[in-house]
Amino acid sequence: MKYAPALSLAALLLAGADFLSTAAAADFYVAPKGDDANASTKDKPFATLEAARDAARSTGAGPHRIVLTPGDYFLAKTLELDARDNGLAIEAEPAGKATLHGGKVVTGWRRDGDKFWYADLPGVKEGTWDFRTLVVNGRMPERARMPEAGTLFHQTAFDVPFIGGIGFVREPTREELTVMRYDPKDVPETLDANNAEVTVLSMWTESLVAVARNDVQQHALVFRTPCNFPIGCFGKKGYIIWNTREGMTRPGKWYLDRTNGRLVYWPLEGEDMARITVVAPTTENIIRIAGDPKKKAERITLRGLAIQGPTTPALLPPGARAYDLDGALKMTNAHQCVLERLDVSSVGGTGVAATQVSDSRIAGCHIHHTGGGGAKIEGGEGVVVEHNHIHDVGLSYFGSAAIYIRRSNHLRIGRNEIHEAPYCGILVHSAPESVVQENLIYRVMRTLHDGAAIYCITDHIVLRGNVARDIIDNGKGNGAFGYYFDQSSHDCTVERNVAIGVPKPLQLYITHDNSIRDNVFINEGDIRLQFGWSSRIQFQRNTLITPGKVTVDWPHSVAAGWKDNCIFSNASDKGATPQAFTIDSAAPEARTPNRKGPLVISRAAKPPTLDGERATLASGAWPGNYEMLERLPSRQLASGGTVFVKFCWDDECLYISAMINMIDKNRMARGHVWETDDGVEISLHGVDAGKPATFVIRGYADGTAQSVTDAGASAEAADRLGKDVRYMSKPSSFGWIGEWAIPFNAIGLKPKPDLQMAFNVCAFVNEFDNWHCWEGTRGESWQVDNAGMLMLK
């Protein structure tokens, strides 16, 4: 047995104090042509990693090292490492020359017509072996698809409104999630439903689903499982058909013929099927480092290995997204582990997945050509992801980010190069006290919308010194951005970053108390900065350069924090004579929106049920559209979660429902003090004792209703209205719903078509300490003469 030299001081520090007492470490060699009966020396290596692992475990205290000599290693099952392997290192010697395959070589190729070749695969026809990734001579070939590039466009529509943070105003039916109607010229009648899979695109995600049948009479594909979103929602119509014979349009493609139990391949020019190496995947993970919460896997290192070919489950279950995919390399309940200088490719799911991992590093790795994302960290603390090259990800699951972070903290994501991705470069969902620094991200957001080079939903994070370039919108949608902070992000810093060739370098949506400073945004066309529904934003010492114009959406959200910025804009050539840039630093003008016109409300066929259920609101019992409470008392646009109201009437009552959408329901104030607790105020102009009067009704999240005299109604009339009005409130998954039935006779009116009444609705939302009014009166919300009009239809 050969003993390794003493560990370096750096290694000792990384390993932990209990390593200091270790006297020596054993090396175990493995080679493709070794023998597990050997002594595991360099001259007489083992054949399998399992044998080397077991020998290391039986040797006693380490740290030990498993050395892989050059060649290909085909793993019949996942290599499992746990706390018994603490201190173990698995290395390739030299680096990059040992490849671990999560599959087996396919042989027995035969002709299939003039172009194709096939090999029978036991278990495929029976459904016990399925995969969507293949490795041919070390590369990941493209699976058969229709069309050759881009997408087809289906004919299914789902026009139900979507409310951010709430969802669709009514739940889709199973048919709306499983039946897609198509143009008959796009889908051949010969399509084998047993083989076909379809990617249905939505706005910021997709669904990859199997086909149950092709209804050629109705020109519809019926899916085996529901899509994640209704088909045709958001106006998105794109789809792709995978894994059919009709999709074999050029050399280098393949498909899995489940009907006949075959793998079918069209060789590239010059490929000899007698010499070609085709590896079909059999495992989901190649190496799994898995401790448990009380006994973690610690100080395990993987270095210099090449990883290829693991698959994914048959298909993701309903509701699962691309970020739920497992990793070719997986770490769970691990501490002080290192993945270094790995080459991870031709992976069906995610390259590297780490869950509940602390003080560990993923460094210097090349992760590419993956069906899902590159690296995923969930529940981590103190993890470092740096100096990695991640590209060509999301090849099967377009909703994949190159690096995905969720529910982690104190991370450092730095100096990674990321490109060629269908969705975000780095996606951070809750990672406080983390730093995303000096990453180069380009050509991402190439398929989906509503994402960015770096997209965050978090608080207390720093983006510093990153470069985003060449990121543009792909068709119509919510857009592609350089740096994007979404709902509830707060106390974040974006400093010294660069965006080049990004028309929308910055998007802040429903955020507050964030600082954007010392950044440089350069584009050859116009530049648009977006601060929708945000408040208290600092935008300081930034430089913008464009030959076009700079547009700032929701400028009042940033006006108070706009300072010392420099804008070079509107330079253009006239003939051969360059024109001077306009140089400016002034804050953009925050124009006051125009007053709203009369709001026409519909008559209900019968009194709607006041039950606080979104499904009831979406039904015909509540006719008409949703209105947004979008204004401050000043009439400028409000910030924070959105508030929607719906109206209808009959011969007895005016009915009003309000949906208050909160980002964090824990910040709801459940009392009944106006201007302090969460509530909604309705103000209506009616008649009191034969004289015009304005009535004010309030309903709170805690179920309390009030009728007050603030707007001048007599105490007697207010008391009568308070007794007659019906009110209920109900908490929901997104906030709360309040509903009112206001008798017309209690406000002195007789309902009839074309009746108009001055009114206003205003919600106080404690979460953002903000008002949401239907119309800003520039005073009290009950000053209905300065608000708007309801008109009965």
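The values are calculated or read from the model by the stated rules, or taken from the named source; none is laboratory data. What you see is a predicted model; the values in this text were computed from it and never measured. All Cβ positions, glycine included, derive from the backbone under ideal geometry; neighbour counts span all protein chains shown. The area values use the complete protein model at the heavy-atom level, side chains included, leaving out ligands, DNA and RNA. Shrake-Rupley method; radii C 1.70, N 1.55, O 1.52, S 1.80 Å.
Here are the numbers:
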{"read-out": "15 Å Cα-Cα reach of LYS115 towards aspartates and glutamates, excluding residues that sit fewer than 8 places from it in its own chain", "value": "GLU246, GLU269, GLU271, ASP272"}
{"read-out": "Using θ = phi - 60° and Karplus 6.51 cos²θ - 1.76 cosθ + 1.60, couplings along segment 552-563 (whole Hz; Gly, Pro as x)", "value": "10, 7, 6, x, 5, 5, 10, 4, 5, x, 7, 7"}
{"read-out": "Counted charge near GLU417, where neighbours are those whose Cβ lies closer than 14 Å (Asp, Glu -1; Lys, Arg +1)", "value": "-2"}
{"read-out": "Three-way shape label, segment 380-519, alpha-carbon gyration tensor, a/c 1.5", "value": "rounded"}
{"read-out": "Nearest-0.05 FRET efficiency for PHE153 and ARG250, computed from C-beta distance (R0 25 Å)", "value": "0.65"}
{"read-out": "Phi-based couplings in Hz for segment 492-506 (Karplus 6.51, -1.76, 1.60; Gly and Pro marked x)", "value": "10, 10, 10, 9, 6, 8, 10, 10, 10, x, 10, x, 10, x, 9"}
{"read-out": "Spatially proximal aspartates and glutamates relative to LYS33 (Cα-Cα < 12 Å; intrachain offsets below 8 disregarded)", "value": "ASP43, ASP72"}
{"read-out": "Dimensionless Rg/Rh of segment 227-330 - Kirkwood Rh, Rg from C-alpha atoms", "value": "1.06"}
{"read-out": "Bins of 10 Å from zero: percent of alpha-carbon pairs in segment 576-718", "value": "9, 28, 34, 16, 5, 5, 3, 0"}
{"read-out": "With every protein chain in place, segment 265-413: carbon and sulfur % of accessible area (1.4 Å)", "value": "46"}
{"read-out": "Approximate spin-label separation GLU524-ALA61, in nm, with each point projected 7 Å along Cα-to-Cβ", "value": "6.4"}
{"read-out": "Per-selection Kirkwood Rh - the chain (Cα, Å, 1 d.p.)", "value": "29.7"}
{"read-out": "Taking the chain and dividing mean pair separation by its residue count, relative contact order in percent (alpha carbons under 8 Å, at least six apart)", "value": "7"}
{"read-out": "Three-way shape call for segment 273-349 based on the alpha-carbon gyration tensor, with the a/c threshold at 1.5", "value": "oblate"}
{"read-out": "Over 20 Å between alpha carbons, listed pairs LYS596/LYS752; LYS77/LYS104; LYS295/LYS330; LYS253/LYS330", "value": "LYS596/LYS752; LYS253/LYS330"}
{"read-out": "Net +/- balance of residues flanking GLY779 in space, Cβ distance below 15 Å, scoring K and R +1, D and E -1", "value": "-2"}
{"read-out": "Ranked by how many other beta carbons lie within 10 Å on average, peptides 658-669, 80-91, 399-410 from highest", "value": "399-410, 80-91, 658-669"}
{"read-out": "Order by protection proxy (mean Cβ within 10 Å, highest first), peptides 497-510, 696-709", "value": "497-510, 696-709"}
{"read-out": "Length-normalised contact order for segment 218-268 - Cα pairs under 8 Å, 6+ apart - percent", "value": "22"}
{"read-out": "Crossing angle, helix 715-724 versus the chain [Cα axis fit, 0-90 degrees, rounded to tens]", "value": "50"}
{"read-out": "Peptide ranges 233-240, 449-456 listed from the most packed, as the mean C-beta count within 10 angstrom indicates", "value": "449-456, 233-240"}
{"read-out": "Over 27 Å (Cα to Cα) - which of LYS125/LYS185; LYS606/LYS691; LYS44/LYS97; LYS185/LYS236; LYS606/LYS750 fall in this group", "value": "LYS125/LYS185; LYS606/LYS691"}
{"read-out": "Kirkwood Rh, Cα atoms: Rg over Rh of segment 370-411", "value": "1.01"}
{"read-out": "Average accessible area per residue (Å²) across the chain - probe 1.4 Å, nucleic acids and ligands excluded", "value": "40"}
{"read-out": "Neighbour net charge for ASP72 - beta-carbon separation under 12 angstrom, K R +1, D E -1", "value": "+3"}
{"read-out": "Nearest 10 degrees, 0 to 90: helix 49-59 Cα axis against the chain principal axis", "value": "80"}
{"read-out": "Cα-based shape type of segment 154-283, given that a ≥ b ≥ c are square roots of the gyration tensor eigenvalues and the cut on a/c is 1.5", "value": "prolate"}
